[in-house]
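Participant: This is the structure I want to talk about, given as structure tokens.
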Amino acid sequence: RLAEQALVEAVRLQSIFDALLRIARIESGRHDAGFRSVDLSTLLADAVEFHLPDAEARGQKVENHITAGLTLDADPNLLFQAVSNLLDNAIKYTPRAGRVTITLARGEEVVTFTVEDTGIGIAAADLPYVFERFWRADRVRSRASERGGFGLGLAICQWIAQAHGGQLSVQSRLGRGSTFTVTLPLAGAP
């Protein structure tokens, strides 16, 4: 039992180290982003498929409204990580029988994808801090999840969006859910 706990803690610490290393590389400009033409529609559908078993195990409904054939210049590994982090949070902080919705739409020069949940939400006073590393609204969010995080996932998502010339924003109401929106420039957009 003690060895099992030590292994779990070692994996947790390795995850923190990997996330911090990734952040440091992005901030220093030393991250070797593999930018190429990426079908964002397929990438999002793959991320949903990856997280679907977890949502189903929690009795949640996952809806996707993904416009097909939207491409952009991006690093597919980084984008998948951002989408995966957002979906993981939505599932983690949504109660049984809740709903998680992912939407992808095209604007004139941008694509926008949102991850919306019917979860516990984030207090208005906490919203300015959600993208800071190591920050957690732990009074409510930590107790609501059996899988506590490190307070790095949203910071990484924000840096990934910025590394792609985009932005990440959040709207949330405590007890009603959250919507995270990523806006990225289309391939060939100025």
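Please treat every number below as a calculation from the coordinates, not as lab data. Since this is a predicted model, take the numbers as computed values, not measurements. Heads up, the Cβs are rebuilt from the backbone with ideal geometry, glycines too, and the neighbour counts pull from every protein chain shown.
Participant: Test of understanding: what is the full-extension gain from Asp39 to Gln171, defined as 0.36 nm times their sequence separation minus their Cα-Cα distance? Numbers along the way, then the final one.
Facilitator: Working: separation 132, 0.36 × 132 = 47.52 nm, distance 2.65 nm.
Residue separation times 0.36 nm, minus the Cα-Cα distance, leaves 44.9 nm.
Participant: Please list 104-115, 122-133 highest first by mean number of surrounding beta-carbon atoms within 10 Å per residue.
Facilitator: For the peptides 104-115, 122-133, the packing ranking is 104-115, 122-133.
Participant: Kindly provide log₁₀ I(q)/I(0) values, in the same order as q = 0.12, 0.23, 0.24, 0.30 Å⁻¹, from the Debye equation applied to equal alpha-carbon scatterers of the stretch 54-115.
Facilitator: Debye intensities relative to I(0), on a log10 scale: -0.34, -0.99, -1.04, -1.28.
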